[in-house]
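The next block holds one structure in the form of structure tokens; read it before the comments.
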Amino acid sequence: MLHRKPIVVGGILLLCCSLPVFSNTPEFAEELFQRAEKLVNTDDMPSDEDLAQAYELYKQAADSGHPGSQEAVGLMLLSGVGTEVDVPRGILHLYFASAANSTLAQMALGYRHAFGLGVPKSCQAAVLYYAAPAQAVVRLASRGAPLPGIERVRLSVDHDTNYNPHREKEMVQYYQYSADMGNVEAQTAVGQLLNVGARGMEQDYSQAAHYFLQAAAVGDMDAISHLGHMYANGLGVEADNETALEYFWRGAEKGHAHALYGLGYMYLAGAGVEKNVLKAQQFFTKAADQGSADAHFHLGMLQVTGALGAPDFPKAFHHLSAAGQSAHLLAIYNLALMQLGGLGVPVSCPTALALLKSVAERGLWSQVLERAHAHYLRGAPDRAALEYLRAAEMGLELGQSNAAYLLERAGRGDPARRERALAQALHYHQRAADQGNVNSLLRIGDAYYYGRGTPEDLNKSVAVYRQATTMRSAQAMFNLGVLHEHGRGLPQDLHLAKRYYDMARTTHPDSAVPVTLALLKLSLHHLYINNREAAHASAAWVLRNAEALILVALAGTLGVVLHLRSARTRRRLAEAADEQ
């Protein structure tokens, strides 16, 4: 396989000197693994001693070939949890775990090959690693049931100051109360949340059907169409094609896109009706004209498989792309295959890799993000950081940026721990920035500017801010304006400073107030510099003509003295004349 040789070459010394010894029994290895899991998977933050002990237990089990322990040891070595960071050994353990079909290890190695992190950068190797997790997600999605929703909350300063963790729950409870009181729109909305399991609601097909039935009874087309799909797939109700068709026809008569798609699928599958691909195409086309991603997907697949005649890959690519823009998982997966095979489009491994990665990250293993956020909401940021670090090493950008956010706030009161945490935060901000997170890029620029987790380096800070401006970051433009205004890391140039301030205001309308204040300050700064130059010029002229000025001053003083003396003499003469 393409990915094995580079990893083995990079780990020759490790293979020679620390090849696992498979001596313990599988039962004993499993016991060690479970003991380590109890130490790590607690509600409270495990102590450093517990993490170190867990690492030793995992390592002992990993040396016996236990896949879960290989995975755990690899992640701990890469993230420095419970042990010192050792990237080559961590990758080696993940390699053994991936060979035993560890999804997490496969995603971690796929991510590292995609970016060349500790292993040779190889798009082909990354695709091979991401293929298995992506296929697992596709198999689950192909069963007809919606994938459980995974809440992905990005931590930020705005989140801390404005986010109320109870607000969303209260909103959902309000909708559920409204639905129970007979509000049709609320019944449909709650049914959709229960159908996919989102906004804190557990996936519950039976309850979803309950609310859809209530809304359908008064003619809600969304609910009617959803019921058609639930009866067709047996979700929360007993599968019944006849009832499904009845609901689909009711919705189709009103031109509802989801119902039209449902009828197309029934004709395509021959479910409750005689199979008729042409009729299926007609219904799919009507639904696709209204923006149905599912309909676009099936129209694309009809073209790929040649069900309508000869395969037409350009048309297939058009329909699959339209579905992919709505995040249709199966469409994205098939687009990746077309990019790999050059079907209808030129071969593009990087594009295929990005698509496969996005599919793989929709799997249930990404629920680690939900667990992390739950810990964060209950006031356990260190425990949340452990879960986000796990997600970060899997290559999830959200895990990387959230881990960095929490690490920036860790270790306060302990200078040594604080410095380590800031350095680690910078590390994960860099990973997130490499995946296109512009906010992480700004944090890197700030770290170099203030010397947080790294030595102060204004040149690097400027370079990072300039990189962020290419991503249309108004904050980066504003920062460059400040640096030009004060001559920090850049030549002082008030005209360039104004240009960057204006660019920030044009790029992001919300920056109007701070930019206006900055421009006012810039005007005062400009006035001060101009007056300072005028004062300097006057002083220089005075120095050049000092002698003449002194003579003039003395002459003037003498004249004043003589004038006063003459006036006093005249006054005395006048007084003497008056006395006579």
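The values are calculated or read from the model by the stated rules, or taken from the named source; none is laboratory data. Remember, predicted model here, so these are calculated numbers, not experimental data. Positions of Cβ are generated from backbone atoms using ideal geometry, with glycine treated the same way; all protein chains shown enter the neighbour counts. Accessible surface is based on the protein model in full, side chains and every heavy atom, while ligands, DNA and RNA are left aside. Shrake-Rupley method; radii C 1.70, N 1.55, O 1.52, S 1.80 Å.
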* Asked: Going by accessible area, probe 1.4 Å, with all protein chains left in place, what is the ranking of 102, 523, largest first?
  -> 523, 102
* Asked: If the limit is 30 Å between Cα atoms, which of 254/275; 460/521; 275/315; 38/121 go over it?
  -> 38/121
* Compute the convex hull volume of the Cα atoms of segment 487-532, divide it by the residue count, and report the result per residue in Å³ as a whole number. => 71 Å³
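Where does the charge balance sit around residue 290 when Lys and Arg score +1, Asp and Glu -1, over other residues with C-beta under 15 Å from its C-beta?
Details: positive: 254, 286; negative: 222, 253, 289, 294.
Within the 15 Å Cβ shell, the charges total -2.
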* **Virtual spin-label span in nm between residue 143 and residue 520, 7 Å along Cα→Cβ** => 6.1 nm
* Asked: Probe 1.4 Å, all protein chains in place: accessible area of residue 515 in Å², nearest 10?
  -> 0 Å²
* Asked: Using a ≥ b ≥ c from the Cα gyration tensor of segment 53-113 (square roots of the eigenvalues), is it rounded, prolate or oblate, where a/c under 1.5 gives rounded and otherwise the larger of a/b and b/c decides, a/b for prolate?
  -> oblate
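Based on a Kirkwood Rh over C-alpha pairs, give the Stokes-Einstein translational diffusion coefficient of segment 281-388 at 4 °C and viscosity 1.567 mPa s in µm²/s. Write down the numbers at each step before the final one.
Working: Rh = 15.5 Å.
Rounded, D is 83 µm²/s.
Using 0.36 nm per residue, how much length does the chain from residue 416 to residue 174 gain when fully extended, once their Cα-Cα distance is taken away?
82.4 nm
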* Structure fact -> Once all protein chains are kept in place, residue 458 shows an accessible area at probe 1.4 Å, nearest 10 Å², of 40 Å²
* Carbon + sulfur, % of accessible area of segment 270-337 - ligands and nucleic acids excluded, 1.4 Å -> 53 percent
